[in-house]
């Protein structure tokens, strides 16, 4: 595997950087991609196509990551717009004051993590 990483690691990294991923996101995807390669390498029918297969796998991981991130942000915006429009109580209309405080805290954490 070390030889494989030496040979194709730069190519994989370039795919992530070309899509403007942060270093942390790129490192996480690198681990995911290498793990996927380890799991699927035996299914490769034409070893001569290893580089192309690696590139396709890295691109697929990148696209999946970007879609997931866009979906999370879109979902956060919808929730936050609903909160801004209707207030937090629209999420839990019949809640006690302590439950309302928890709901406010959840929304604050949710906004901090996903809105952007």
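When residue 83 is tested against (1) modelled with pLDDT of 80 or more; (2) surrounded by 13 or more Cβ atoms within 10 Å (Cβ to Cβ), just one condition goes unmet, and that condition is (1). Checking each residue in segment 38-61 for being in a helix (DSSP H, G or I) and either surrounded by 13 or more Cβ atoms within 10 Å (Cβ to Cβ) or touching a helix residue (DSSP H, G or I) at 6+ places or on another chain (Cβ under 6 Å) (or both) picks out 41, 50, 53, 54, 55, 57, 58, 59, 60, 61.
Within segment 4-29, residues that are in contact (Cβ under 8 Å) with a residue 40 or more places away in the chain and on the phi > 0 side of the Ramachandran plot reach no partner that is surrounded by 14 or more Cβ atoms within 10 Å (Cβ to Cβ) and in a helix (DSSP H, G or I) with beta carbons closer than 8 Å at six or more positions or on different chains. On inspection, residue 96 passes the criterion of being at pLDDT below 80 and surrounded by fewer than 10 Cβ atoms within 10 Å (Cβ to Cβ).
How many of the residues in segment 19-37 are assigned to a loop (DSSP other than H, G, I, E, B) and surrounded by 13 or more Cβ atoms within 10 Å (Cβ to Cβ)?
2
The values are calculated or read from the model by the stated rules, or taken from the named source; none is laboratory data. All values derive from a computational prediction rather than experimental measurement. Counting neighbours? That spans all protein chains shown, and the Cβs are built from the backbone with ideal geometry, glycine included.
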